[in-house]
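The values are calculated or read from the model by the stated rules, or taken from the named source; none is laboratory data. Everything quoted here is computed from the prediction, not taken from an experiment. Here the Cβ positions follow ideal geometry from the backbone for every residue, glycine too, while neighbour counts run over all protein chains shown. Just so you know, the surface numbers come from the protein's heavy atoms only, side chains and all, with ligands and any DNA or RNA stripped out. Shrake-Rupley method; radii C 1.70, N 1.55, O 1.52, S 1.80 Å.
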Amino acid sequence: MPAFPIETLLLFMAAALALNLTPGPDMLFCLGSGAHRGPKAGVAASLGVACGAMVHTAAAAFGLAGLLMASPLLFEIVRWTGAAYLVWLAWNTFRATPPVADSTKVTQKDISRIFLRGAVTNMLNPKVAIFFLAFLPQFIDPARGSVVVQALILGTLMNISGTIVNAAVGAGAGGLGRHLARNPVAAKVLNYLSGTVFLGLAVRLGFMSRV
């Protein structure tokens, strides 16, 4: 097991926390999910995003993410698949019944579906793969041992930090959403706001470049 110098770990965690606190697609997805379906949904979305991020971590560790940088066609396929998926989520959110006022009414099936959406949304964002490939090597030293193991450890630590932040955002949005859901008009507005978030993420992904 590679041993990281304490100063390297502190610098890495500080940089990771700063990046995770910056609003981005993952945070907005958790916010939209929580506002639409309640605190449990917001946390489920964050765990799904974490699952997708671990896939990107493994891909970066084993060098697979480099294919996205080397192949413009593969990058475009992943990008437009992700954008289409987010448009589909937005359409279904616009058409959905208003969010429930009591988060206990969210079923296990709902939670599983939201978790899966979080994972798929993150995995279909090629920028995440490229980010991991560019960010992690800055803190990796081959002299400390296996580069793959180091990348997996650092990626996991960053993912834990991001999951805590996203879960807090999702749960907080869920608490506010549950309160507003008691008002039928506000509940309908929440649907449109959540759908708009997903649609905005799709547009952002559609205009994203490889560099």
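The distance between label points at Tyr192 and Ala3 comes to 6.1 nm (points 7 Å beyond Cα on the Cα→Cβ vector). Net length available on complete extension from Ala14 to Ile160 is 51.3 nm, with 0.36 nm assigned per residue and the Cα-Cα distance removed. For Leu116 and Asp141, a Förster radius of 25 Å and the Cβ-Cβ distance give a FRET efficiency of 0.10, rounded to the nearest 0.05. Carbon-plus-sulfur accessible fraction, the range 113-183 (probe radius 1.4 Å, protein heavy atoms only): 71%.
For the range 1-67 versus the range 152-168, the spacing of their alpha-carbon centroids is 5 Å.
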